[in-house]
1. Positive end of the dipole of the chain, charges at C-beta (+1 Lys, Arg; -1 Asp, Glu), about the Cα centre: which of 17, 93, 49 has its Cα farthest in that direction?
2. To the nearest 10 degrees, how steeply does helix 2-96 sit against the main Cα axis of the chain, on a 0 to 90 scale?
3. Give the residue from 84, 60, 40 lying farthest towards the positive end of the charge dipole for the chain; charges sit on Cβ (+1 for Lys and Arg, -1 for Asp and Glu) and the dipole is referred to the Cα centre.
4. What lysines sit close enough to residue 50 to cross-link, taking a C-alpha to C-alpha distance under 16 Å and skipping anything fewer than 8 places away on the same chain?
5. Dipole of the chain, Cα-centred, from +1 at each Lys and Arg C-beta and -1 at each Asp and Glu C-beta, to the nearest 20 debye?
6. Taking springs between alpha-carbon atoms closer than 10 angstrom, which of 70, 83, 43 fluctuates most in the Gaussian network model of the chain?
7. For n ≥ 4 DSSP H runs only, could you compute -39500 (n - 2.57) per run for the chain, divide by its residues and tell me the 222 nm figure to the nearest 500?
8. If you take Cα extents along the principal axes in Å from the coordinates, which of (1) 140, 14, 7; (2) 60, 34, 22; (3) 49, 38, 15 do you get?
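What follows is calculated from the coordinates using simple rules that are stated; it is not laboratory data. Treat the numbers as computed from the prediction; the structure is a model and nothing was measured. Glycine also receives a Cβ, built like all others from the backbone with ideal geometry; neighbour counts cover every protein chain displayed.
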Amino acid sequence: MMEAGIVLSANSNGFILNAQMEMKKLQRLNKEFFQKAIDAKTEMKKLKAKASKADQIIKTEVQMEGLTVEVATLKQQLDCAGEAAVTKYLEHFHETT
């Protein structure tokens, strides 16, 4: 009966040792998982910032295109108005002299 107790005790020690090793392995894996989750969250924030910046650049380019067209239109109107003003001034000048 004493031998059975020693064998049982040895088996218990082996079981406890295996359980401790398994627990450490699970703790390590858990730590790695959480680190990967933190890394993924950090990467997501970086990508979100890049996307926001790209969106702002696109909006700015669209505004620039609109302003370029508006500037061209205003230039054309100014050129026409300038010619008309010069003509009107010359006519007025000739009338007064």
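1. Positive-most Cα among the choices belongs to 17.
2. Taking the Cα atoms of the chain, the angle to 2-96 is about 0 degrees.
3. 40
4. Within reach: 41, 59.
5. 1000
6. Sorting by GNM fluctuation, first place goes to 83.
7. Helix contribution divided over all residues of the chain: -37500 deg cm²/dmol.
8. The value computed from this structure is option (1).
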